[in-house]
1. From a point 7 Å beyond the Cα of B:Ala40 in the direction of its Cβ, which residues of the range B:48-87 have a backbone N at a distance under 12 Å?
2. Mind checking the full-extension length gain between A:Lys198 and A:Leu320? Use 0.36 nm per residue of separation minus the Cα-Cα distance, one decimal, nm.
3. Just to be sure I understand: with springs between alpha-carbon atoms less than 10 Å apart, which residue in B:Arg93, B:Arg190, B:Arg202 has the highest mean-square fluctuation in the Gaussian network model of chain B?
4. Once you put a point 7 Å from the Cα of A:Gln358 and another 7 Å from the Cα of B:Thr150, both along the Cβ direction, what distance in nm separates them?
5. In chain A, how does Rg compare with the Kirkwood Rh, expressed as the Rg/Rh ratio over alpha carbon atoms?
6. Ignoring ligands, DNA and RNA, please state the percent of accessible area on the protein assembly as shown from carbon and sulfur, probe 1.4 Å.
7. Kindly give the semi-axes, whole Å and largest first, of the ellipsoid equivalent to the range A:266-400, taking each as the square root of 5 times a Cα gyration tensor eigenvalue.
8. Just to confirm, what accessible area per residue do you get for chain A at 1.4 Å probe, in whole Å²?
Amino acid sequence: MAVYIKSVSRGFCILLWAGLLFGLLLTSIAEATRLPSANRECSICHIMWLTEFRRDDVTPLIQYQPKPVLKTGKQDVSSTPRMCFSCHDGFVLDSRFMWKKGRGHNHPVGEKPSDKIKIPLVEGKKLFPLNDDGKMYCGTCHTAHGVDWETDDSPVFMRIKSRDGELCEACHQDKTTGPEKGFHILHRKPDRFPADLKKAGSRLSSKGDITCQSCHRPHAAAEEPILVMRNNDSQLCLTCHIDKLAVKGSKHDMSLMAPDDLNIKGQKSQTAGPCSACHVPHQGGGLFLWARQTEKASDDVISSTCRSCHNKEGPAHKKLVGQYSHPTGVPITDPGIIATANKWVSRFKDFVGLKPIQVLPLYNKNGRRVAKDGLVTCASCHDPHNWAPHAKKTQRKDTHKLKGDGRSSFLRIANDENSSLCINCHREQSVVTMSKHNLDISAPQASNVAGRKVSTDGACSACHLPHKGQGSHMWARKKVDGKQGEDGLCASCHREEGLADKKLVGDKGHPVHAKMTMSATPEMLPLYKRKQAKNGEKGLIECATCHNPHQWDSRDAASKAGTDPEVDGDADTSFLRLPAVAQHGALCTECHN
Amino acid sequence: MMPRVNKSCLFLLLSVIATVTHITADASGQLQTHQIKHVADITGDDPGGLSLPGDVVVVKGRIYVVDGGNHRVVVFDGSGKQLFKFGKQGSERGNFNGPVGIGADHSDRIYVADRGNNRIQVFNRDGKQLRSITVMDDGNLVRPIDVAATPDGSTLFVTGNNNHSVMAFNQKGKLLRKWGGRGAENGKFRYPATIVFTADKRVVVVDVLNTRIQLFEQSGKFITSIGGWGVLPGQLVRPKGIVVDKDGRFLVSDSYMEVVQVFDDAGHFLYVLGDNEKPYRMTSPAGMTIDSDGRLYVAEMLDNKVSIFELGR
């Protein structure tokens, strides 16, 4: 019995020892499961791969949902925001800015890509996969696989290296076509990269060029469409385009002047910012990314864009240029300017004291700014972003009541008492300031049809208005009833009780507004066409046929003799185009030979 | 004869039972839950309120919340009324860059792990900055995740995000000792996160990607670990916050499974907070604390709030 007991006890002990060893083995196995294995490392994100979900004897703390239907569609849990945040919450990695309250504008997920999106194919498969519903999800751009984690080329597990915007551009191919197609320029060094922009999350490429991420950030963007900073008041645009800042608060600030006006994308500048009234960064019209519907087949895109507002039905219908306005789409060579890259030269000699010529912008028909052979457009005289020359800011309390004059009105050069803007190009006519036709000398109290005086708007304003003129030469004077053609303009002053009532032509003067009956055709004297002149019909003789109203002495452009309001002219001065006595009576013999 | 044999066998029998029990206790039977009662939410008064709060501490009735998304600390009274806030985004004195964890000592000093600025900032209870300690290891800046101060504030235990270590600093910021390093073995870490003390001064560290809680002596000597990888009761996926209640139980928040599990002092799974075998779901629960009345505070990051619960008995 004792032997039996001893035997049983020994066997029992062996069994227990075996059990203990088995237990320790299990313990070590259990411990081993805590060491990272390939399977476990995968299931850190691919948690639904865990076999524990299949156990019947115990309830997992989360449900088995290999491909749950989320707001973003049906997809593997490994690439859901919930999974991403479980590490990117600051405790492991820190991408909290992506989830931060109020900074939640992200690249869309849970949506199908639009028709404009072209996802590249690699061996027949989409390089950027969509989820089971054909929608974008985190994993469309990101993957933990297939990229080198140790380099900084793909620091956020992008599916392709994207240091220079390659990933964005791979799908958004339409956005890469540049200004020629109406898209904001890419891959060019910016003029400046403001600190505020950088702080907001803007990025340049590895070469320092503009990329998609210079304006957009895919996550935690400040505003839709995933912009690095808010742009409801064009803050983003104007951070870089700081020289355009003065448009805010000006009469071209459509968010103030016409807040409900829609641009070509249907945006209101009230909500899309002042810049959006005229420009859109994508799908604009032409080089300046125009946001307005311009005239088809226009020979001058720039001016056409201006007219898209400044027309009878447009938001600037109160500011029309009128039927008779300074021409646009005309070459700068017309007034005798030879334009080179950074310098303008007049073929007319300047008299002493004239301000140097400033280079103003010229454009080709497509709106590209050109130096040579450029056309004069609205934007040659006007800077639509600056209410007054050299103004850095426009801060008006009541923009609606603001009235323009020669020193404002978005002019590039103040058209001051010296008519500096007009004379910048019209150098030949500048000598009018040294004559009695400068009303500041002969009739300083006189006003033109717009009620403006020469003392404020310059000598040219006595007879001409750049917009809303009274006739073909943009006359600033009302023609005298009964007087026809250009004669009527001269007679507006040279008449009884007129400004020049001491200088009347009398009843028996040289015929004017009359057909040229002489056989000779004057080469030096201009004739003027009737409105409905027939082809080949000779022009009419007008006052300006013999007189050049801008130059007192035809023989000496710089003569200041005409500046004396009491001086009397003679047959060689008197604004005659040619001397009537000197030079063998060249004026008369030009026709009466 | 018999007594000697029985003694030996009894020892072995108990050993086997204990071992097998240890292995299977975490994953056996129905889901054990422990009822809690939601008392209140703290969301903040400012426009927008709290943003991604990561941790919370209660000091003499005042609730200090690390408002990580707003780079500041917001202070509330016991009723949840906002009292004041301190700090904003920046690297200047008193400002923060992505703060995560918070702690306090018995002198009411507040310690904030200023992750992005690689420093621990120390404040008085009114938010006045007292000093700052740069967290460095072998000449390299370390991103601190959490800080636990000894009651007298003489030693700060800091978890390091990029050196995967626990560092002990004195008041002047001198590194006294450190332990850990990246790895999965006992005593090593993969992203150590929140850190607290037990009543008997053991150091408790959440080891996020190793999905466990590790206990150490203050010298750094490894004692044991709790939890393990998995989705079953007693297992962890993304442990983030930890707090020790007055009975020595460990409450562990899991930000992916969105539950709080409770382990006994020996590390055995007891239950998950919830009711009728259903866990109470929180939204990305992270840092936690328990006040003197036994109420549990949980920072629910993606819900931008701190939830307050009464723990049932």
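The values are calculated or read from the model by the stated rules, or taken from the named source; none is laboratory data. Because the structure is predicted, anything quoted here is derived from the model rather than measured. Glycine also receives a Cβ, built like all others from the backbone with ideal geometry; neighbour counts cover every protein chain displayed. Protein only, heavy atoms only, side chains kept; ligands, DNA and RNA dropped before computing areas. Shrake-Rupley method; radii C 1.70, N 1.55, O 1.52, S 1.80 Å.
1. Zone members listed by number: B:61-63, B:76-83.
2. Numbers: separation 122, 0.36 × 122 = 43.92 nm, distance 4.18 nm.
Result: 39.7 nm gained on full extension.
3. In this elastic network of chain B, the residue with the biggest mean-square fluctuation among B:Arg93, B:Arg190, B:Arg202 is B:Arg93.
4. 7.5 nm
5. Numbers: Rg = 39.5 Å, Rh = 30.9 Å.
On the Cα set of chain A, Rg over Rh gives 1.28.
6. Working: 24270 of 45470 Å².
Roughly 53 percent of what the probe reaches on the protein assembly as shown is carbon or sulfur.
7. Equivalent-ellipsoid dimensions as semi-axes: 29, 19, 15 Å.
8. On the way: 33450 Å² over 593 residues.
I get 56 Å² per residue for chain A.
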